[in-house]
Number of protein chains: 4
Amino acid sequence: MSTYILNINCPDQKGIIATVTNFIHQKSGNIVYIDQYVDRENELFFMRLECEFMNGKFSKAQFSAALDSSIAKQYNLEYDLYDKDYRPKMALFVSKYDHCLYDILARYQSKELAVDIPFILSNHIDLASIAERFDIPFYHVPITKENKNKAESRQLEILKHHKVECIVLARYMQIISPKLIKAFTNKIINIHHSFLPAFPGAKPYHSAYERGVKIIGATSHYVTEELDAGPIIEQNITQVSHLHSIEDFIAKGRDLERIVLSKALQLHVNRKVLVYKNKTVIFS
Amino acid sequence: MSTYILNINCPDQKGIIATVTNFIHQKSGNIVYIDQYVDRENELFFMRLECEFMNGKFSKAQFSAALDSSIAKQYNLEYDLYDKDYRPKMALFVSKYDHCLYDILARYQSKELAVDIPFILSNHIDLASIAERFDIPFYHVPITKENKNKAESRQLEILKHHKVECIVLARYMQIISPKLIKAFTNKIINIHHSFLPAFPGAKPYHSAYERGVKIIGATSHYVTEELDAGPIIEQNITQVSHLHSIEDFIAKGRDLERIVLSKALQLHVNRKVLVYKNKTVIFS
Amino acid sequence: MSTYILNINCPDQKGIIATVTNFIHQKSGNIVYIDQYVDRENELFFMRLECEFMNGKFSKAQFSAALDSSIAKQYNLEYDLYDKDYRPKMALFVSKYDHCLYDILARYQSKELAVDIPFILSNHIDLASIAERFDIPFYHVPITKENKNKAESRQLEILKHHKVECIVLARYMQIISPKLIKAFTNKIINIHHSFLPAFPGAKPYHSAYERGVKIIGATSHYVTEELDAGPIIEQNITQVSHLHSIEDFIAKGRDLERIVLSKALQLHVNRKVLVYKNKTVIFS
Amino acid sequence: MSTYILNINCPDQKGIIATVTNFIHQKSGNIVYIDQYVDRENELFFMRLECEFMNGKFSKAQFSAALDSSIAKQYNLEYDLYDKDYRPKMALFVSKYDHCLYDILARYQSKELAVDIPFILSNHIDLASIAERFDIPFYHVPITKENKNKAESRQLEILKHHKVECIVLARYMQIISPKLIKAFTNKIINIHHSFLPAFPGAKPYHSAYERGVKIIGATSHYVTEELDAGPIIEQNITQVSHLHSIEDFIAKGRDLERIVLSKALQLHVNRKVLVYKNKTVIFS
């Protein structure tokens, strides 16, 4: 069987669920999963479904063409169609911290994370040995005030060369340029080490310590031009107390960051995230 | 508009979603919510949907008749149909502990819980004053070894008299008889003060303390003939440590019990729980 | 036995633990609990201990006098001494929301919360019937722009008359004046319906919804002149998703607020909170 | 400065805290951390303290001798004394699952876990390449019904040769023999993939799925002769629903196991776990 994932959004309208499910049914497909959501305030309809077709009977291109020539037009659907077995190419950008990198690589190695990782890129040389340990190409692209423009062009070149489809900032610690964001809209996933919108920007654990909070968090989000303000994919928290120093916050935070980032990656890779109005719909 | 809740289960079959959604569409209904689940192992299909019809155009009886004479038969559907605005009659059985009772009554009073509470019943007289405080009839039905049969008949009589549809055991502390369970299958909701299946039966906090666990829990489930073994609706936990005495476990447990039981009641009252094979499907 | 709670803070200094524990030992007291904390950055020492003395052998006044004339002076101790059995007088300020009020009253009624509640005060009349239901005096002190000063004087008068020691703002929804804050420094406990420092001020659930967060929270803190910026006592969170409307946020938030506020009250009443530098030390 | 960790347990007795803190004070030590716990039911006293001495002024041997000849005897103390900077030798036993292994090695590599790992041992060859990747010796000790005795002797030989002090069963999947348990009492740390005491033994995720629980857990504990019944060090849980298959339980469980085991290892390595009566005291 071929399994496809179809993600739809369109204006909310009567009979839309019946229309889409009928379409699949008529094409001899079998729906094995459906989840939908209506934003009543904005009158928008969102749907994610997985459907099976007999192997070779209905290619992704045929599916897409059939949608375009029928209900997509009629109902004003925006949609994304994916082959469920396809493994997206995901680049890892890192800096000097290794905990998220190790975590992603272990999940990659043990097939938990169904992606291809064509390379690891860093502005520092420190983590090259880990890349080597896991037999993954490593690009060292240093960034200074002076060479920022050139460095970004080099990054884009490498991304294009490897046909990368999404980028993970696994504690990359550098501001991403609008050019790169534009080329990978809603495809650059960052992990921020605070419970956003509290403590955006640099040194959030220090700020959390200063404020005397009893809970710290981590947030994974898509990168937009406004710093740490993109659509939130996943958040999680852990308890702290007066007993914990800033170093303890950082150590506890490492576990949070690992868990939150890897959860967000799973959701993204499995096409379960839909973005609109700077928010996300996360399908089950 | 009239809003109905339709809960379905049937053998899984191709095109079932299209069939049901089409049916609603053809009757001029608008689906405002749909959630479904397929148990692939047992080839069973479950669906919960909410749909709106123009007021007076399609009564609950008409809806039911239309289903029966068409797709229900054809697709072997078992279904429950509810008027969304209807408030079920829910009896409260208590013993001597008041924390769950207070919690339910406060939610009832502030309209959080959309039910009618025709009475509170207890084998002890201790909580009568709370019933009085909230202007709810109180029945005192003492239970002894000798009078158990007679007491149960009295309970059934009171339940029938008030046309009760579901029963909450808000720390009732008595074994429910098979007769009562049969009359209210999957309609008696209990709160057990442990993380089932750990520590069923009496004194679970004592057992948890003895075992030295680091987490304690509470479980809300439908009552079946096997003690504390019915379909689980909701569970939650809280952390404990060596610092906590059994009394601390009990105190912390009270908060758990309140939260877990009230969550389970909300799910039940909103028709979001489907029971099969001694498990529950909980719709979103 | 008489049991006392002794909370100490002083400059950190060598031998301080030995000194204090020796002092108790020499006075024939038995330490039944000790917890301490050193803030190394600021070189401050904090300790909470509970100790027992033979009944009538060492009154609170004697204890205090003995401390003052010996180690308190020598080691520059600031301390608070409490009789463990004493129930503080706690006033409840409410507005129109009843969920925190019901929760506190239920815990008060069932002796979970070891306080006296001399009265409930509100700027609205809505919750008077609940006060009546629980046989607690109710003061209606309306607040308008024009009468604010006079209303506060009336509040202070009532508080003084009842010898109130701490105030709970159980969703009181009014800004507290500096005069009242000064009279009850670190003794006014507020519940704010967000995960501070995210979303201070009005309508935090709306802001959280707008931002698309995946977790919402509640925070209990002492009231200081800066709005929602006082020392945090307790925080907790719950998960939300795109499926939840603002109304759902508010409903889920009610459970959070209940739990967080009642936890904070327990900590405060049991003298487990020490405030310094706008942060709290929470003893176990 | 030399920093020592002193863990004490003894019969509870008046003045014990003053006695111990005085002892340190008189030896010119400075207490930088103290935590204690009294089990009132069993009249037992537990204490963990960290204290600093001028370098070279008071060796661990001198400390121990001084204790033995004074308060240890007088107060019937059992104690353990550790040099805080010492890194214990920790052996890793694995089978075929790699997720806990990767997690521990990443933390070891990034210095989060202050141990030496002299070797990895497995009954299967599958994970040898990971050991190689991290430059850690790998021993393959196959186990069959026939060679079990011999295999265990070989294990003990390897453990002795490397002067191993504690063993981590990172999903080792084999029953440990009484001989090995006796040689490493309270020094073999297992991760069990359920919320003990629910679902001990084999296939706990399958049992949890069958029972329809809404929460699954993982438990790290010291290995004792009774299977999965040893003193619990750490537990954690995650929510599941009817949507999750057994495979989903296993995948979610992997994250739990990683977090729970690594937390337990930190507690053990930092000498924060005291065992008695098949329970643990976990110091802060």
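The values are calculated or read from the model by the stated rules, or taken from the named source; none is laboratory data. Predicted model only: the values in this text are computed from it and were never measured. For neighbour counting, all protein chains shown are included, and Cβ atoms are generated from backbone atoms with ideal geometry for every residue, glycine included. These accessible areas exclude ligands, DNA and RNA; they are computed on the full protein's heavy atoms, side chains included. Shrake-Rupley method; radii C 1.70, N 1.55, O 1.52, S 1.80 Å.
Just the residues that are free of Cβ contacts under 8 Å to residues at least 60 places away in the same chain and either not in a loop (DSSP other than H, G, I, E, B) or not hydrophobic (A, V, I, L, M, F, W, C) (or both), please, taken from the stretch A:159-177. Spell out the reasoning first.
We begin by selecting, within the stretch A:159-177, every residue free of Cβ contacts under 8 Å to residues at least 60 places away in the same chain; these are A:160-161, A:175-177.
Those that are free of Cβ contacts under 8 Å to residues at least 60 places away in the same chain and either not in a loop (DSSP other than H, G, I, E, B) or not hydrophobic (A, V, I, L, M, F, W, C) (or both): A:160, A:161, A:177.
Considering only residues in the stretch C:108-125 that are open to solvent by 10 Å² or more (accessible area, probe 1.4 Å), assigned to a loop (DSSP other than H, G, I, E, B) and within 14 Å of chain B (Cβ to nearest Cβ), the one that is modelled with the highest pLDDT turns out to be C:114. What are the residues in the stretch D:187-207 that are more than 9 Å from chain B (Cβ to nearest Cβ) and either closer than 19 Å to residue B:208 by Cα or open to solvent by less than 50 Å² (accessible area, probe 1.4 Å) (or both), if any? D:188, D:189, D:190, D:191, D:192, D:193, D:194, D:200, D:201, D:204, D:205, listed by residue number.
All told, residue A:92 falls short of being open to solvent by less than 10 Å² (accessible area, probe 1.4 Å), facing chain B (nearest Cβ under 10 Å) and in a strand (DSSP E or B). Within the stretch B:126-141, does at least one residue satisfy the condition of being more than 14 Å from chain C (Cβ to nearest Cβ) and farther than 30 Å from residue C:133 by Cα? No, the conditions are met nowhere in the stretch B:126-141. Does residue A:83 fit the bill of being open to solvent by 50 Å² or more (accessible area, probe 1.4 Å), touching a helix residue (DSSP H, G or I) at 6+ places or on another chain (Cβ under 6 Å) and touching a residue at least 40 places away in the same chain (Cβ under 8 Å)? The answer is yes for residue A:83.
Within the stretch A:212-233, can one find any residue that is at the interface with another protein chain (Cβ under 10 Å from one of its Cβ atoms) and open to solvent by 30 Å² or more (accessible area, probe 1.4 Å)? No, there is no match, as no residue in the stretch A:212-233 is at the interface with another protein chain (Cβ under 10 Å from one of its Cβ atoms) and open to solvent by 30 Å² or more (accessible area, probe 1.4 Å).
Scanning the stretch D:147-154 for residues that are open to solvent by less than 10 Å² (accessible area, probe 1.4 Å) and either out of contact with any strand residue (DSSP E or B) (no Cβ under 8 Å at 6 or more places or on another chain) or at pLDDT below 95 (or both) turns up at least one hit.
On the given criteria, is residue A:105 in a loop (DSSP other than H, G, I, E, B), at pLDDT 95 or above and within 14 Å of chain D (Cβ to nearest Cβ)? Spell out the reasoning first.
On the way: in a loop (DSSP other than H, G, I, E, B): no; at pLDDT 95 or above: yes; within 14 Å of chain D (Cβ to nearest Cβ): yes.
The answer is no for residue A:105.
Applying the criterion of being of a type in the set (D, E, K, R) and more than 10 Å from chain B (Cβ to nearest Cβ) to the residues of the stretch D:234-254, the residue that is most open to solvent (accessible area, probe 1.4 Å) is D:247.
Among the residues of the stretch C:91-136, those that are touching a residue at least 40 places away in the same chain (Cβ under 8 Å), within 22 Å of residue B:111 (Cα to Cα) and of a type in the set (A, V, I, L, M) comprise C:94, C:101, C:104.
The single condition among (1) more than 14 Å from chain B (Cβ to nearest Cβ); (2) over 21 Å from the mean Cα position of the chain (by Cα); (3) part of a loop (DSSP other than H, G, I, E, B) that residue A:13 does not meet is (1).
Being under 24 Å from residue A:102 (Cβ atoms), among the acidic types (Asp, Glu) and either assigned by TED's automatic domain parsing to the domain that holds residue A:127 or out of contact with any Lys or Arg (no Cβ under 9 Å at 6 or more places or on another chain) (or both) narrows it down to one of A:157, A:165, so name that one. Spell out how you get there, then give the answer.
Values: A:157 fails: under 24 Å from residue A:102 (Cβ atoms).
That would be A:165, the only listed residue that is under 24 Å from residue A:102 (Cβ atoms), among the acidic types (Asp, Glu) and either assigned by TED's automatic domain parsing to the domain that holds residue A:127 or out of contact with any Lys or Arg (no Cβ under 9 Å at 6 or more places or on another chain) (or both).
All conditions but one from (1) away from chain C (no Cβ under 14 Å); (2) touching a helix residue (DSSP H, G or I) at 6+ places or on another chain (Cβ under 8 Å) apply to residue D:47; the one that does not is (1).
Taking the stretch C:59-89, which residues are farther than 27 Å from residue C:133 by Cβ, outside any helix (DSSP H, G or I) and charged (D, E, K, R)? Those that are farther than 27 Å from residue C:133 by Cβ, outside any helix (DSSP H, G or I) and charged (D, E, K, R): C:78, C:80, C:83, C:84, C:85.
Of the residues making up the stretch D:16-44, not one is away from chain C (no Cβ under 13 Å) and of a type in the set (Ser, Thr, Tyr).
In the stretch C:67-80, of all residues being among the small types (Gly, Ala, Ser) and surrounded by fewer than 16 Cβ atoms within 10 Å (Cβ to Cβ), the one that is farthest from residue C:46 (Cα to Cα) corresponds to C:69.
Yes or no: the stretch A:13-35 includes at least one residue that is closer than 24 Å to residue A:261 by Cα and open to solvent by 50 Å² or more (accessible area, probe 1.4 Å). For the stretch A:13-35, residues closer than 24 Å to residue A:261 by Cα and open to solvent by 50 Å² or more (accessible area, probe 1.4 Å): absent.
For residue B:270, are the conditions met, namely being facing chain D (nearest Cβ under 10 Å) and either modelled with pLDDT of 95 or more or open to solvent by less than 40 Å² (accessible area, probe 1.4 Å) (or both)? Write out each step before concluding.
On the way: facing chain D (nearest Cβ under 10 Å): no; either modelled with pLDDT of 95 or more or open to solvent by less than 40 Å² (accessible area, probe 1.4 Å) (or both): yes.
It is false that residue B:270 is facing chain D (nearest Cβ under 10 Å) and either modelled with pLDDT of 95 or more or open to solvent by less than 40 Å² (accessible area, probe 1.4 Å) (or both).
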